[in-house]
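Here the structure is laid out as structure tokens; the discussion comes afterwards.
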Amino acid sequence: MTAPRPGRRVLAPRNAPSVRTPRLAAAVERILARVAAQVDDAIQATHPSAEDLHQLHRGFRRLRLGIELWVRVLPARDREVGLPLERRTKRLARLVGEVRDRDIVLALFEEVPGAGARPEETEEFHRFLARLRDDARTGRELLRASLRTERDAGLFVEIRSLLERTPSPRGASELRTLISGRAGLITRACAAPTGRPPGGRPPSGCTGCGSGCDSSGMPTS
């Protein structure tokens, strides 16, 4: 191969993959590792805290977004592999959210004072509270079983395998289009909005959520 003459600009091959796509895969892999660890903890815990459930719910939502972005940069023949993984992740996020919300409602009702209520009202309230506790316990058991089933069925292994697939030559362009068109999704996957980054205008495609994104467009926090 002839070496380029000094000062001559060397052009990358037309179909060379963009650095954006490997960075996106690495970002999703980091999210996946955190979620997998959180799932292990949730399976072991008899009664995970509301904060633990909140972080797990947030992790699953970010993971689903990452899968959605990654699927869009893959060739058409590989996209069908990712869609079932996205649906399974979405289902787990919904289950976690339902258990978290039910626990919060239960905690609120348990703080309701009973002084001054008529005996029949008090009895009815305690029956309602007992049913709510049973529902919360059943929900946690269902969640743990669902998490264990998906983990043992290889959900996380399949997602890692998906991330090893080669993006299409147009993957970077697809990624830019998706980030621009789904800015709201990225905002919701980030932490609570804190305004624009210091220094003025956010970069193109940035929602100014303040949580920080890498060059792949995925939130880093």
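Just so you know, all these numbers are worked out from the coordinates, no wet-lab data involved. Nothing here was measured: the structure is a model prediction, and the numbers come from that model. Because the Cβ atoms are built from the backbone with ideal geometry, glycine has one as well, and the counts that use them run over all protein chains shown.
Within 10 Å, count the other beta carbons around each residue, average over each peptide in 147-157, 88-98, and list them highest first.
In decreasing order of mean packing, 147-157, 88-98 become 88-98, 147-157.
Sorted by packing (mean other beta-carbon atoms within 10 Å per residue), highest first, where do 128-139, 70-81 land?
70-81, 128-139
How much length is gained on full extension from I104 to E123, taking 0.36 nm per residue of separation minus their Cα-Cα distance?
4.6 nm
Ranked highest first by average number of other Cβ atoms within 10 Å, how do 40-47, 159-166 line up?
159-166, 40-47
What distance in nm lies between label points placed 7 Å from Cα along the C-beta direction at D135 and I43?
2.9
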